[in-house]
Structures are given as structure tokens and as C-alpha cells.
Amino acid sequence: MYKLFFILLFIVTTASAQRPDSLRNGTINRDSIRYTNLKIRMSKTKLSRAVYRLLFRDVYNQGKVTEVKEIETNPFTPYEGMVIRKIIVRQLDILGESVYDTTRKGNQFERFLSKNLHTNTRERIIRKSFLLFTEGDEIKAQVFKDNERLLRINKTIVDARILVVPRTDVTWQADIIVLVQDSWSLNFSGGFSSFNRFNIGLENVNVNGTTHSQLTRIRWDKNNAQKFQFRTVYTIPYIGKTFITGQASFILERDIKEQSFRFSRPFLTTETKYAGSAEAGHTKLWQYKRYIDSTYAPLPSFEIEYNYYDIWLGRSFKFPFKNTILSENSRLVTAVRYNRYDFRDRPVVTPDSNKIYWNKSALMVSLGYSNRNYKRDVLIYGFGRTEDVPVGNLFALTIGQEHTEFGQRGYAGLRYAVGKYLPHNLGYMYLLMNAGSYIKNRQAQQGVLSGQANYISNLIPFRYSFFRQFVTFKYTHGIHRDPVDYLNISREQGIRGITSDQLIGTKRFTLGTETVFFSDKSLLGFRIAYFVFADLGLVNSNPRSIWSGPVFQGYGFGFRLRNESLTFNTLQLRLGYYPNIPGNQAPWRVAAEGNVPLRLRDFDISAPSIVPLQ
């Protein structure tokens, strides 16, 4: 089911040959000389040899470790203020080449696949929609650093790099070389049990080199009440030079029917002044949800149908004074939001129950402080690509008024987050705290108190490779929630690999730990990572302490496969042991699945919103 076509292609892929790059005037030869010197320097110690073997062993996942590891340094600072004479965009083949070694070339078969089965992003699109600078502009180090990150976060691009080449004849000018390596654009999925039941899907993440994305899935099930099911989603990542993303969806499936559109622009960088979004749609879905006090009753289902629209606009301000406490990336952000939900079908609602299904409209405003920067690292959630790790903090206050069919009520919420690398190379720590509640007649409604801590260790050398330790704590306390409004600690919310409608409550505490070993081996171009995990969770609705309930457990191990040049999900095989999950008849479970690549939380402030119960 998972991309058999691409696996067959990679079976015949062999090691790449090297030959000089022919980029104009040989400017990139400097890059190749530095790469050669890097290999010599990294042969001197056991640790550096291990780093080299891990990241430079094959042609699919390479990174220039010395540059990535110098995470405190902005490489563009020495060129601050120089004038851009010319911008050269060079697009690398998706296989066999690397933005960190411009002399490296793929073999003949890799070049055939790259040229004939993939269309590179059009140079005009890169210049018009992805670059924050033009010819004649002065070089701003922070803008260049942000631009590299913006290129890398786009799903059509595996990696990107910007090089500054000073002119020898005019000392105040420089040429800019933008190296871009696309990811594979076509992803196939499907399943077949018989001609009475099958499904097929195609996702093109770079339609004809325009960076537009189209997902189409079809399912046929003759035994289902709705035999034909269909889903299509079309996305334009950036419209012109506006950095506005547009998306339209049409879904006609058994459990969900939706027609919607959305235009959005986030605070992409600290220099972005305006952000916002506008969306509207119609949704009809079947929800399978039990009441919290009927855990062991048969799982009921009910139909939900509603129309909605949602608009918000935000403005970012630089602080008018310079202070040693505030960094150059500190911003004051204000935003306003208005949304409306009108239900056509829903469970029975009253002034005291099923509040999440009320007809309502809300006006919210927020005021926040954001300080964000990014440090480059490798082998966190990726398998060798450059990862931009958010470092900074934010604080946001949200207040609002909601108008419902049962009267008005106010809302107030607070959010604080901080993330940084710990001293003495102890790793990375992220903390998040939320508090929010509706208020009516001086009584809290649908309130939430929550906290989360994530720890990621530094890369720890082990023989010729490395491993990392991941630890996650989560605590959530729901205040005056309705019987159908609760927490579930299954899957990503607590205990991975298990789905149970009985692990529910209004209070939860979970602890998850995972050790990931990044192998220096590759299989058909796919990097391999082995992992061992343990998940513990408590959940209940007891008015007393959360510790009064049983500790639910999950343990296991497995491995993941990923090729960064391909855009489909990470392939994962896992064996799990779940000794005390209610209703679980088989404590041992084997799962083969695709995982969406994760990213670390950023510190940008977006739309004013209520604190979610999750």
C-alpha cells in the first residue's frame, strides 16, 4: 500500500559519482573546496568521524555539519549592508545532489528520474513568491536567515541554501546564489480487497512546477450505504508576492461531508507586519461520542451539520525603544477575530448542556508579546535535513464576548510558552502553560488549565551513529465541562498505538518517553531510525485527586524509514504491549503505519482563540 512504485525505483539506485559543478564563473567551487576540507577535518576524532558517516554516507540525506552545528552564528552577518547585484537561482536534481556539496552528481539513472518523472519548481515562482529580497536591495542578515527557513518549511522543498558571493571588482556589491532542492512531487496511495471494496489516492504537491498542491482520493464500497466516496483538496501556498495561502476543499465521504475555502497569512517572520485569515464552509459529519458517565455503554453516534465563517486580522509592532532586555526580534502583537457557527443538525441543547453545539458568534481580541529566533540542528524529527529549532518565548492575553442562543457570556484566557537550549549541552526544553474559561453570571464555563513540557536531549554518540532521548509531560484539567466534552488519552494525546473510547475524563496527566537511535545505514535510499517507547497516563473525572485512578500503560519498540527527498509520510513498524487498557482483548499489538513528520512549536502569535481541551 505504501508507495511500492518508488521502492522499486530505488532498488536500482546506486552510489553517486562526483564531478565538478559548472555553475557560473566557478563561484560554487569555493563551496566544494570547503566540503573537501570538512571531510579532512572530520577525520581527526572519533566523534567527528561518526558525525560525517551519519550525514554524508549516502546521497539522499546530507548536511554540512560544521555549518548546521554553528547554530548561534548568522552566516550572513559579515555581508550586512552590501548591495545585491544579481540573484542566481539554481535548482538541484531531487536525487543524487545536495545543497551542501554542489559538486556531487547523481548517477545516470538518478538523473533520468529527476529530469523525466519530476518537474522542478519554476524559477519564476521562486523569485516571485518565495524570496524576501530582490536585486538592488541591501543585504539584511536576519532577512536572509529567515528566507532560508521559509524555503525549507515548504513541503515542496527538501532543503535550501543561500550563498553570498562578494564581487572582487566592486567591494560593496555581492551576487546571491539560491540553491533549492525539490522533494518528489507525486505520492500514490490505495488499497484493494475486491472489486466491491477498494480505494485509490493521488497527491501532487507541486503541480506542473507551480508549488500548487492537489490531493484526490476515491473510495468504493458496495456494501456501504454511501458506495462512492470522494475527497479533493487544492492548495496554493503563496499567492503572488503576498505570502497568502489559499485552499479549497470538497469532501464527500461516509462520516464527513464538507465544502470550504480558506485564505491565510501567518506572521512568517519577525518583520511581517500583518497577518490574518478568512474562511467559510459547510460541514456535515457523524460523531461517535459517548457521555462521560456511560463509559461501558455501547458507543452512540449522532449527526452534526453546521455552517460557519471565521475572520481574523493581526498587526505586529516593533518596540519604540531599545532595551538590553528586549532583543531585536521582540514584537508586540495585537489581533481581533470574529466567527459564527449556525447548526442545522445536532444533539438536544439546553442552557446547561451540550454547549459546544450552541448556535453562536464570538468577537475576541488579543494582546501579546513574542520573541522568536531559530537555531539550526539535525536529527530531531527529520532524518538528516536541516531543521530550524524555535528559540524564544511568548505571552498572550485574550478576552472576548460570545453571543449564543441562550444569552451572552465573556471569555478570558492566558498563554505562556518558552523554548531554549539548556546550558552545558544538556539539550532543548519547551514549556507551555494555558488558562482560559468562559464566564457567565460570575461562574466559569468550559474552562481549561493545562501545561506541557517537552525535553529533547543533544545527539549522543554511539559507535558510528547517534541517539536522542525525548520526554513529554502533559497535564490538563477541564473545569465545568459538559458530559460530551472531555479528554481522551489515546494515541497522540497520551498512549500511542491504542484507540479506546473508555480512556476519557476531564483531567489527565501523561508521561511519554522515547529513545531514538539514528542508524548510519540506509535501505534503498531510506534512512533508518530505531525507537523504544514507554507511555503512562492517568485520566478521570473524579472531583478528588487525579492520582486516585489507575495508571494506564503502553510499552514498545520499532523502527522508522524515511527518505527526505520524498514527501510521503514516514513509514513506521511498531510492536506495542498494553497491559491494562479497558476493553483491550489483545495486550500485544503490531502496527504498520505512516507518520506525518513533526515540527517543533513556534513562538508566533496567531488568531485570538479559546484554550482547547486537549
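As a test of reading the structure, rank ASP255, ASP175 by solvent-accessible area (1.4 Å probe, protein chains only), most first. Present the calculation step by step, with values, prior to reporting the outcome.
Details: ASP255 50, ASP175 20 Å².
Putting ASP255, ASP175 in descending order of accessible area: ASP255, ASP175.
Per-residue accessible area (protein heavy atoms, 1.4 Å probe) orders LYS318, LYS284 as LYS318, LYS284, starting from the largest.
Gain on full extension, evaluated as 0.36 nm per residue between ILE218 and LYS155 minus their Cα-Cα distance, stands at 20.4 nm.
Just list whichever of LYS128/LYS360; LYS227/LYS360; LYS289/LYS474; LYS115/LYS155 have alpha carbons separated by over 31 Å in the model shown. Numbers along the way, then the final one.
Numbers: LYS128/LYS360 41 Å; LYS227/LYS360 35 Å; LYS289/LYS474 23 Å; LYS115/LYS155 20 Å.
Check vs 31 Å cut-off fails for LYS128/LYS360; LYS227/LYS360.
With both labels modelled 7 Å from their Cα along Cα-to-Cβ, the GLU492 to LEU414 distance reads 2.9 nm. Given a 1.4 Å probe and the protein chains as shown, MET433 ends up with an accessible area of around 100 Å².
Net charge around GLY494, counting only other residues with Cβ within less than 12 Å of its Cβ (Lys, Arg = +1; Asp, Glu = -1)? Show your work: numbers first, answer last.
Details: positive: LYS474, ARG491, ARG496, ARG508; negative: GLU492, ASP535.
Residues close to GLY494 contribute a combined charge of +2.
Projected label points at ALA141 and LYS440, each 7 Å from Cα along the beta carbon direction, are separated by 5.5 nanometres.
What is the local net charge at PRO582, summed over the other residues whose Cβ is closer than 13 Å to its Cβ (Lys, Arg +1; Asp, Glu -1)? Net charge in that neighbourhood comes out at 0. Between segment 77-113 and segment 416-472, what is the separation of their alpha carbon centroids in Å? One Cα centre to the other: 36 Å.
For segment 420-534, the alpha carbon positions stretch 64, 36, 22 Å along the principal axes, listed from largest to smallest.
Please list HIS282, HIS480 in order of solvent-accessible area, largest first, computed with a 1.4 Å probe with all protein chains present. Don't skip to the end; give the middle numbers.
Numbers: HIS282 40, HIS480 115 Å².
Largest to smallest exposure gives the sequence HIS480, HIS282.
At the residue level, SER264 shows approximately 20 square angstrom of accessible surface with a 1.4 angstrom probe and all protein chains present.
Per the Debye calculation on segment 98-170 with a single equal scatterer at every Cα and no solvent contribution, log₁₀ I(q)/I(0) for q = 0.25 Å⁻¹ amounts to -1.31. Considering all C-alpha pairs of segment 162-318, those separated by over 20 Å amount to 71%. Only Cα sites of segment 319-419 enter the Debye sum here, all with the same form factor; the resulting log10 I(q)/I(0) across q = 0.19 1/Å is -0.94, listed in q order. By a 1.4 Å probe calculation restricted to protein chains, TYR288 has an accessible surface near 120 Å², given to the nearest 10. Look at the dipole of segment 482-543 built from charges on Cβ: of SER522, GLY494, VAL484, the Cα furthest out on the positive end belongs to SER522.
The values are calculated or read from the model by the stated rules, or taken from the named source; none is laboratory data. Source: prediction; values computed, not measured. Here the Cβ is made from the backbone with ideal geometry for all residues, glycine too, and neighbour counts use every protein chain on show. Protein only, heavy atoms only, side chains kept; ligands, DNA and RNA dropped before computing areas. Shrake-Rupley method; radii C 1.70, N 1.55, O 1.52, S 1.80 Å.
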